[in-house]
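The values are calculated or read from the model by the stated rules, or taken from the named source; none is laboratory data. Being a predicted model, the structure only gives us computed values, none of them experimental. Neighbour counts are summed over all protein chains in view; Cβ atoms, including those assigned to glycine, are modelled from backbone coordinates with ideal geometry. Side chains included, ligands, DNA and RNA excluded: accessible areas come from the protein's heavy atoms. Shrake-Rupley method; radii C 1.70, N 1.55, O 1.52, S 1.80 Å.
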Amino acid sequence: AMGITIGLPAGGRVAVDGDTALIGTDAGCQVRLPADGRVRPRHARVRRAAGRWLVESVGDWPVQVAGGPPGRLA
């Protein structure tokens, strides 16, 4: 299984080797983003499904990926 590398807003990168990772501002998230009011402590999850990577909201708020339309799943 191949991992994914996620680019961060500040220019860093985070490698995800498993099939899932939490994204947010919480210290327990594998992909930690700086607090800026738009990102929740546990905001979204990236997960592998059917050979693709999906980003899904872990709450009732939308997520936006790479300038695409906001939604619960991208």
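Brief remarks follow.
- For the chain, accessible area per residue (1.4 Å probe, heavy atoms of protein chains only), Å²: 66
- Segments 52-58, 41-47, 4-10 sorted - mean Cβ within 10 Å per residue, highest first: 41-47, 52-58, 4-10
- Ordering of 32-39, 19-26 by packing is 19-26, 32-39, highest average first (other Cβ atoms within 10 Å, averaged per residue).
- Given R0 = 25 Å, the distance between the Cβ atoms of Ile4 and Arg38 translates into a calculated FRET efficiency of 0.70.
- Protein heavy-atom surface of the chain, 1.4 angstrom probe: 52% of the accessible area is carbon and sulfur, with nucleic acids and ligands not counted.
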